[in-house]
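Taking it in order: structure first as structure tokens, then the write-up.
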Amino acid sequence: MIRLLGKASSINVRKVLWACDEIGVPYTREDWGSGFRATNAPEFLSLNPNGLIPVAIIGDVVLWESNSIVRYLASSNGRDDLLPADAARRARIEMWMDWQATEFNNSWRYAFQALVRKNPAFADPAEIAASLREWSKNVEILERQLRSRAYIADTHFTVSDIPIGLALNRWFETPIPDRPHFAAVNDYFDRLSARPAFVRHGRNGVP
Ligand SMILES: N[C@@H](CCC(=O)N[C@@H](CS)C(=O)NCC(=O)O)C(=O)O
């Protein structure tokens, strides 16, 4: 049983919820984060010094960083199919998860704040255009990878598909002017959408 701290609307909390459902791990969830309980409370900071959600408490194991939590859930439940012990296969999966958390996330940040959050601090048209260019370039990297395989890092679903799937959901949900069409990415997204756990936690219940 996991005690998960973080609101369900957070993309990073959703990774953990999807992983729990995919693996069959029971959880309780508490609403923390902006709009709910403040993560700068000493009680929260003692669990995650970054003051960010999600935090997962699994027995006496306390973890933060969503991708690390997802990997822990797979390995501690013996799910070799989702995260193999073989070093090279495992590293290829981790590589895509690290890429999602760094290169991919950084590319969409400005455009997302502007186009979805309508944040007035992110209104510079040149910055929006630059962010959209970088974002599209990264989706094109996924497109090339997915032309030769059904899932991002292997021939079957692995934990790397969890952060990538949620990140692509953001790509599709953002009103991007003249959104480039990526056929293999579309097919991949349809494939992920056949998974009830993704529909439930990645797509707000929308099949
Ligand atoms: N790299 C971290 C990022 C965590 C993060 O940025 N969480 C956001 C929500 S998605 C957050 O805590 N925002 C502050 C808040 O909601 O109070 C992870 O993957 O867990």
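Readers should treat all values here as calculations from the given coordinates under stated rules, not as data from a laboratory. Everything quoted here is computed from the prediction, not taken from an experiment. Virtual Cβ from ideal backbone geometry, glycine too; neighbours counted across all protein chains shown.
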Taking every DSSP beta bridge with both residues inside the chain, roughly what % is antiparallel (nearest 5)? 60
HN-Hα J couplings of the range 127-136 from phi, Karplus 6.51/-1.76/1.60, θ = phi - 60°, integer Hz, Gly and Pro as x? 5, 4, 5, 5, 5, 5, 5, 5, 4, 4
What percent of all Cα-Cα pairs in the range 87-198 falls in each 10 Å bin, counting up from 0? 14, 46, 30, 10, 1
At 7 Å along the Cα-to-beta-carbon direction for both I176 and R89, put a label point, then send me their distance in nm to one decimal. 3.2
Value at 222 nm in deg cm²/dmol, rounded to 500, when DSSP H runs of n ≥ 4 in the chain each add -39,500 (n - 2.57): -15500 deg cm²/dmol
Alpha-carbon Rg/Rh ratio, for the chain, with Rh computed the Kirkwood way: 0.96
Below 12 angstrom from the Cβ of L73, what's the summed charge of the other residues (Lys, Arg +1; Asp, Glu -1)? +1
Determine the relative contact order of the range 87-198: mean sequence separation of Cα pairs under 8 Å and six or more apart, normalised by residue count, in whole percent. 30
